[in-house]
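Have a look at this one.
The values are calculated or read from the model by the stated rules, or taken from the named source; none is laboratory data. Keep in mind it's a predicted model, so treat the numbers as computed, not measured. Using ideal geometry, Cβ is built from the backbone for each residue, glycine included, and neighbour counts are taken over all protein chains shown.
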Amino acid sequence: MPGRRLAAFLFAPILVLSFYNPFIMPRESFYARLFAKAYDPVMERLEERLLLSRRQELLGNVAGKVLEVGSGTGVNFPLYAPEAQVLAVEPSAAMMGRARRKLEEVPVVADIELVQASLEAPELEQRIAPESLDYIVCTLVLCTVPDLTDALSRFQRWLRPGGRLLAMEHIHDSRQPQKWLQQKFTPLWKHMAEGCHLNRPTDRLLKEAGFRPVREDYLHTKWIPFYWAVLEK
Ligand SMILES: C[S@@+](CC[C@H](N)C(=O)[O-])C[C@H]1O[C@@H](n2cnc3c(N)ncnc32)[C@H](O)[C@@H]1O
């Protein structure tokens, strides 16, 4: 009996702490949780001024089988039409928690399934048959995927012939001193913004990977250029 009491005495605090202490039961980093919490409030002004209307343009007519990569807090979910069947993949549990709440709180008419996984997870290869997708949606995510060339070859494999990649991304500037600053600042920024690269020429890499722009446009804010495009396989 005293042995059991001693075991309970020792074990109980460990059990309690394990729910709170990342050293005992590793959870997502404090920083990843902070990033998820801050994401919508920090982006609010930029969304209102520039991004939201572009998201609406890109996503309003999407129908059929859709993969949304890195869906974050679910900003795009209310913008899909009822004809869209969306598989939304997102590796961050903290982002995912917020996306789930958004699904309950805002009107969403599309059929959306959330999966906690990164683009590179083997389970996605099992779930997504080659040439089975009508659309792949990437908004502010191709700056962050660890290997963009690998990601684009997956997209080529998963999209049906004529399928479309919808992208809205920030890209490396061609103007100076922005280009130089983005290059210099990226190693630090990657740590601050969960792997985001300020210096990716995503527009060029998309075309080099064989995607043909049906429509594309640029927007140069003072410090960072944005690219959005409808690209066909
Ligand atoms: C800047 S947020 C953008 C979120 C959302 N797409 C938007 O437009 O607001 C980038 C998201 O990509 C996710 N991400 C990062 N690497 C990823 C990967 N390899 N596969 C899928 N998602 C990834 C991050 O967890 C994060 O939620």
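Where in region 123-233 are there helices (runs of 4 or more DSSP H), lying fully within it, with 2 or more residues that are touching a residue at least 24 places away in the same chain (Cβ under 8 Å) and within 13 Å of the ligand (Cβ to nearest atom)?
Numbers: elements: 148-158, 178-192, 202-208.
Because the criterion is at least 2 residues that are touching a residue at least 24 places away in the same chain (Cβ under 8 Å) and within 13 Å of the ligand (Cβ to nearest atom), the helices (runs of 4 or more DSSP H) in region 123-233 that meet it are 148-158.
Checking the conditions here, which among 66, 109 is of a type outside the set (S, T, N, Q), over 23 Å from residue 205 (Cα atoms) and more than 8 Å from the ligand (Cβ to nearest atom)?
Selected residue: 109, the only one of 66, 109 that is of a type outside the set (S, T, N, Q), over 23 Å from residue 205 (Cα atoms) and more than 8 Å from the ligand (Cβ to nearest atom).
Now a separate question. Restricting to region 165-185, name every residue that is hydrophobic (A, V, I, L, M, F, W, C) and under 19 Å from residue 145 (Cβ atoms).
Once the filter is applied, which keeps residues that are hydrophobic (A, V, I, L, M, F, W, C) and under 19 Å from residue 145 (Cβ atoms), region 165-185 yields 165, 166, 167, 168, 171.
In region 69-106, what residues are away from the ligand (no atom under 12 Å from the Cβ), assigned to a loop (DSSP other than H, G, I, E, B) and over 20 Å from residue 158 (Cβ atoms)?
81, 82, 106
Could you check residue 188 against (1) over 18 Å from residue 57 (Cβ atoms); (2) modelled with pLDDT of 95 or more and say which number it fails?
Unmet condition: (2).
Let's see how each residue does on (1) of a type in the set (Asp, Glu); (2) surrounded by fewer than 16 Cβ atoms within 10 Å (Cβ to Cβ):
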site: 185; (1), (2): no, yes
site: 188; (1), (2): no, yes
site: 194; (1), (2): yes, no
site: 197; (1), (2): no, no
site: 214; (1), (2): no, yes
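If the requirement is being closer than 27 Å to residue 125 by Cα, surrounded by fewer than 19 Cβ atoms within 10 Å (Cβ to Cβ) and within 16 Å of the chain's Cα centre (by Cα), which of these qualifies: 81, 93? Spell out how you get there, then give the answer.
Values: 81 fails: within 16 Å of the chain's Cα centre (by Cα).
The match here is 93.
Ok, one more. Let me spell it out: the conditions are (1) buried (at least 18 other Cβ atoms within 10 Å of the Cβ); (2) out of contact with any strand residue (DSSP E or B) (no Cβ under 8 Å at 6 or more places or on another chain); (3) among the aliphatic types (A, V, I, L, M), and residue 159 meets all of them except one. Which number is the exception?
Single failed check for residue 159: (2).
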